[in-house]
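Below is one structure, written out as structure tokens, with a few remarks after it.
The values are calculated or read from the model by the stated rules, or taken from the named source; none is laboratory data. All of these numbers come straight from a predicted model, not from anything done at the bench. As a convention, Cβ positions derive from the backbone with ideal geometry for all residues, glycine included, and neighbour counts pool all protein chains shown. SASA here: full protein model, heavy atoms, side chains in, ligands and nucleic acids out. Shrake-Rupley method; radii C 1.70, N 1.55, O 1.52, S 1.80 Å.
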Amino acid sequence: MTSHYRTCPLCEVMCGLRVETEDGRIVRVRPDADDVSSHGYVCPKGVALGELAEDPDRLTRPMKRAASGFVEIGWREALAEAAERLRAIRAAHGNRSVAMYIGNPAVHNTGLLLGGDLLRRSLHTISRFSASTVDQVPKQLSSWLLYGHQFLFPLPDVDRTELFVILGANPLASNGSLLSAPGIRKRLRGIRDRGGRVVLIDPRRTETAKVADTHHFVRPATDAFVLAAIARELLADPAPTALPVEGHERLAGFLAPFTPEAAAARSGMSADAIRALAADLRSASRAVVYGRIGTCTQRWGTVSSWLVDVVNLLAGHLDTEGGILFAEPAIDLIAAGLIGPGSRGRWASRVRGLPEVMGELPVATLAEEITEPGEERVRALVTLAGNPVLSTPGAGRLDAALGELEFMVSVDPYLNETTRHADLILPPATSLASGHYDLVFHHLAVRTVAKWSDPVLPMPEGGRSDFDILSDLAVRIGRGRGPLRKRLRARVLRAIGEAQVVDWLLRFGRYGSRSPHKLSLRKLRKHPHGIDLGPLKPSLARRLRVPAIDLAPALIAGELQALAADLETAPPRLVLIGRRHLRSNNSWMHNVASLVKGRDRCTLLVHPDDAEAFGLVDGGTARVKSEVGEVVAPVEVSDEIMPGVVSLPHGWGHDRDDTRMRVAREHAGVNVNLLTDPAVLDGPSGNAVLNGVPVQIGDRRGQEVSAYLEKPVVEQLSGGVR
Ligand SMILES: Nc1nc2c(c(=O)[nH]1)N[C@H]1C(S)=C(S)[C@@H](COP(=O)(O)OP(=O)(O)OC[C@H]3O[C@@H](n4cnc5c(=O)[nH]c(N)nc54)[C@H](O)[C@@H]3O)O[C@H]1N2
Ligand SMILES: Nc1nc2c(c(=O)[nH]1)N[C@H]1C(S)=C(S)[C@@H](COP(=O)(O)OP(=O)(O)OC[C@H]3O[C@@H](n4cnc5c(=O)[nH]c(N)nc54)[C@H](O)[C@@H]3O)O[C@H]1N2
Ligand code: SF4
Ligand SMILES: [Mo]
């Protein structure tokens with residue numbers, strides 16, 4: 001038996017695993033107690049990595065659509081046909097007619113990231129979409145506006161803070177996002193052991209609430225009101241900062257309407273609690289506010305993200321130990337110039353005229369870019385590691401639109417809800433057969449760590465890695481087109497492979513050849529548990545890409561005015577939010593038996609008062625309707641969710657006969673994104689609105705009973721957990 005030390009590629013946390021193999025097969029996956037970052041922490045998904053790699057439903061050969069269904073074909077034939085069809089459609093209808101969608105696992109896979117970049121360059125299309133616009137793009141936009149770079153992600157210094165305020169994140173289920181800190185439960189406990197406090201603001205009393213000192217219920221999509229009120233309080237006496245900051249007066253003007261009372265009326269969090277939180281943030285020497293998916297995937301995603309940082313700044317916790325810090329990893333994509341500072345509005349979507357953000361268009365508009373007639377409509381689509389039919393809003397419409405494409409190719413190991421529309425599926429071998437270095441997630445990590453993982457499994461006979469597939473496609477598509485330099489880059493990178501690229505980036509980085517650390521691939525190979533380079537340090541003052549942090553840029557000023565106008569809006573009677581479960585990961589791990597066993601997790605959470613009002617019973621079913629669709633889901637009655645709010649998790653809806661995910665098929669669940677509305681977006685970023693979606697409840701026969709039932713909204717929703 002051989003032990004391999006490997007970074008888990010499944011979520012942002014990057015736990016160290018010990019993978020034991022025999023004869024090229026995985027025997028066991030265990031936590032790596034010596035990993036310098038995770039120190040033996042692991043979650044059930046990491047342990048299931050072997051099952052995932054050896055899932056019999058994984059595709060092993062390219063699949064081509066035929067009249068009788070999918071048939072296996074050879075790699076050469078598949079790659080040649082994919083390149084030829086894409087080139088032909090592009091030649092006939094222009095660059096824009098070929099679109100690309102990149103899903104979440106792409107960022108967790110070194111070869112896919114590098115190969116995907118080559119393919120993107122060779123396709124040369126502005127029809128670019130990704131999971132970023134159902135996720136964190138408001139954060140990127142906010143960082144670009146505030147600091148001049150989209151990748152300067154504000155990270156809460158969880159290991160040194162004394163007051164940790166969390167909005168719209170459930171790290172005990174998700175393990176943390178834009179916050180790579182393995183073993184978050186222990187770290188949150190650490191705050192309390194130091195005499196500090198954890199405050200959670202969430203419409204649901206989540207798993208994280210159980211380790212928090214205080215939990216405040218907040219109505220979905222009203223965080224911006226609370227944050228604006230806190231910022232308004234802080235502006236009366238902002239903390240001194242060494243950073244250059246301007247626009248205090250302008251900001252004060254825009255924030256004037258957001259009194260704690262006004263914010264309380266709209267959000268359900270009490271005015272006293274809002275005032276107390278502002279005062280505590282200001283008086284604590286080490287404190288930090290952190291907002292994640294619940295604050296991003298909603299109507300006020302950008303302004304909420306922006307206000308989180310502004311509150312930290314005004315309270316004196318930006319770029320400070322125990323406050324917000326910014327990572328400077330060993331391979332620093334910002335310093336290396338490998339990721340641009342940011343952009344907005346360089347081009348627009350064809351149908352709705354939505355501005356490009358960070359080089360992409362909102363995925364919420366993909367369906368109409370395909371279906372709306374016009375010469376440059378999207379006729380071909382390449383999906384890389386994505387399942388937008390389950391993960392993006394208005395999924396029903398997208399599902400139908402994919403059927404109208406002239407050609408679709410998916411680089412994906414599964415025949416699932418999205419790839420079933422493809423003409424060709426190009427399945428990579430498990431990423432465990434390739435080397436791994438986290439190019440992205442070290443930018444989100446609370447400690448600076450460098451780690452390389454060598455392949456754990458041999459490349460299966462006839463198998464190809466993501467990098468092989470994508471770089472091959474890139475070279476074929478680029479052939480005879482574009483500047484020689486670019487075509488050579490694709491060929492050279494393809495020839496040397498991703499490990500060599502990582503080696504160069506390490507050597508040229510701040511811990512590389514010219515530093516005492518002398519990091520290189522060779523050195524990292526000698527340290528299979530990783531090398532710890534210490535905690536983050538304040539660095540923003542020297543890394544700011546703007547002359548001064550502007551507290552009220554035009555785009556945000558416009559949003560604050562819209563937000564002020566919305567203070568008067570009566571909230572919908574019932575809104576929908578999402579949730580995550582520790583044993584799930586977006587849409588694609590439901591085919592692993594050990595992860596889906598147990599009771600049904602795709603349930604509609606309903607508060608007892610609402611259950612009574614709508615005639616729902618625990619264990620029964622409910623028909624949930626929105627502006628764009630409806631689903632019938634099992635009901636779970638619980639007072640952990642606030643009245644007026646229901647919750648359904650995403651990534652489910654595996655009830656198709658033409659997919660090949662047999663375990664998932666038996667635990668189908670429903671697709672919540674049939675309910676989310678692609679017409680409603682976070683304005684500045686185009687991010688999808690997946691939380692705070694107005695819905696109605698009907699009974700089993702479809703009669704509407706909820707519509708706008710008059711029921712007093714609970715007045716006093718805030719309060720301590722214990
Ligand atoms: N186990 C597991 N881990 C995962 C994933 C997974 O699917 N499963 N997905 C990974 C991915 S891709 C991501 S991006 C991260 C996300 O990581 P997190 O941001 O931690 O995501 P969630 O666990 O969904 O927690 C979001 C919380 O926001 C709350 N919420 C909803 N709407 C609002 C609102 O308007 N205001 C406030 N204040 N709260 C709101 C919800 O009740 C929920 O508790 O998780 C990653 N990790
Ligand atoms: N309603 C609602 N919708 C949501 C969310 C929510 O909170 N609520 N969360 C959103 C978020 S944060 C995200 S990130 C998105 C995720 O959205 P997507 O990225 O579109 O969806 P995933 O479910 O992550 O699908 C991943 C796909 O990658 C494939 N895959 C896995 N590993 C590999 C690999 O190594 N190589 C290749 N080539 N393919 C691989 C899988 O088979 C699967 O098809 O979902 C979003 N959708
Ligand atoms: S928390 Fe779980 S899924 Fe995430 S990196 Fe660790 S073991 Fe993998
Ligand atoms: Mo995500």
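Observations on the structure shown:
- Shape of the stretch 223-323, Cα gyration tensor, a/c cut at 1.5: rounded
- If the convex hull is drawn through the Cα atoms of the stretch 507-559, its volume per residue in Å³: 165
- Computed E for Ala593/Ile73 - FRET, C-beta separation, R0 51 angstrom, nearest 0.05: 0.95
- Each distinct pair of alpha carbons in the stretch 515-637 adds a 1/r term; the inverse of their mean, the Kirkwood radius, is 21.4 Å.
- Per residue, the average separation of C-alpha pairs within less than 8 Å and at least 6 apart gives the stretch 572-717 a relative contact order of 32 percent.
- Between the stretch 1-33 and the stretch 406-461, the alpha-carbon center distance in angstrom: 16
- Helical runs (DSSP H, four residues minimum) scored at -39500 (n - 2.57) apiece and divided by the length of the chain put the mean residue ellipticity at 222 nm at -8500 deg cm²/dmol.
- Bridging of Lys518 to aspartates and glutamates at a Cα separation below 14 Å is possible for Asp503, Asp532, once same-chain residues fewer than 8 apart are set aside.
- Residues Val546, Val492, Val310, sorted by accessible area with the largest first, give Val492, Val546, Val310 [1.4 Å probe; ligands and nucleic acids excluded].
- When Rg and the Kirkwood radius Rh are both evaluated on Cα atoms of the stretch 1-132, their ratio Rg/Rh stands at 1.07.
- Ellipsoid equivalent to the chain - semi-axes via the Cα gyration tensor, in Å: 37, 31, 26
- Heavy-atom surface of the chain, accessible at 1.4 Å and reported per residue (Å²): 36
- Nitroxide proxy distance, nm - points 7 Å out along Cα→Cβ at Ala80 and Glu627: 4.9
- Solvent accessible area, Å² - Ile425, 1.4 Å probe, full protein context: 0
- Difference of contour (0.36 nm per residue) and Cα-Cα distance, Val617 to Ala541: 21.8 nm
- Point-charge dipole on Cβ atoms (K/R +1, D/E -1) for the stretch 572-717, about Cα centre, debye to 20: 700
- The modelled label-to-label distance between Ser513 and Asp532, using points 7 Å beyond Cα along the C-beta direction, is 3.0 nm.
- When all protein chains stay in place and ligands, DNA and RNA are ignored, the 1.4 Å accessible-area order of Tyr290, Tyr41, largest first, is Tyr41, Tyr290.
- Calculation over all alpha carbon pairs of the stretch 2-53 in 10 angstrom steps from 0 returns a P(r) of 30, 58, 12, 0 percent.
- Asp655 versus Asp193: modelled label distance in nm, points set 7 Å from Cα along the beta carbon direction: 4.7
- Gyration tensor verdict on the stretch 427-525 (Cα atoms; rounded if a/c is under 1.5, prolate if a/b is larger than b/c, oblate otherwise): oblate
- Accessible surface of the chain [probe 1.4 Å, protein heavy atoms]: carbon and sulfur percent: 51
- Beyond 19 Å, the tail of the calculated P(r) for the stretch 328-463 holds 65 percent of the Cα pairs.
- Gap separating the Cα centres of the stretch 46-78 and the stretch 330-370, nearest whole Å: 31
- Exposed GluC sites (Glu not before Pro) absent: longest stretch of the chain, with sites in DSSP loops and at most 11 other Cβ within 10 Å deemed exposed: 1-374
- In the structure shown, the pairs Lys210/Lys625; Lys451/Lys597; Lys186/Lys451; Lys45/Lys526; Lys64/Lys625; Lys451/Lys537 are assessed against 29 Å; a Cα-Cα span above that value is assigned to Lys210/Lys625; Lys451/Lys597; Lys64/Lys625.
- Near-label residues of the stretch 100-138 by backbone N, under 18 Å of a point 7 Å along Cα→Cβ of Ala562: 133-138
- Under the convention that each Lys and Arg Cβ holds +1 and each Asp and Glu Cβ holds -1, the size of the dipole of the stretch 39-159 around its Cα centre is about 720 debye.
- The stretch 637-658 versus the stretch 111-163: alpha-carbon centroid distance in Å: 28
- Counting every pair of alpha carbons in the stretch 572-717, the share spaced more than 18 Å apart comes to 58 percent.
- Base-10 log of normalised Debye intensity for the stretch 151-276 (one unit scatterer per alpha-carbon) at q = 0.23 Å⁻¹: -1.32
- The stretch 414-492, relative contact order [Cα under 8 Å, separation at least 6], %: 28
- In percent, rounded to a whole number, the relative contact order of the stretch 1-112 is 16, using alpha-carbon pairs under 8 Å and six or more apart.
- In terms of its C-alpha gyration tensor, the stretch 637-688 has an oblate overall shape, because the principal axis ratio a/c (a ≥ b ≥ c, square roots of the eigenvalues) is not below 1.5 and a/b does not outweigh b/c.
- Dimensionless Rg/Rh of the stretch 575-651 - Kirkwood Rh, Rg from C-alpha atoms: 0.98
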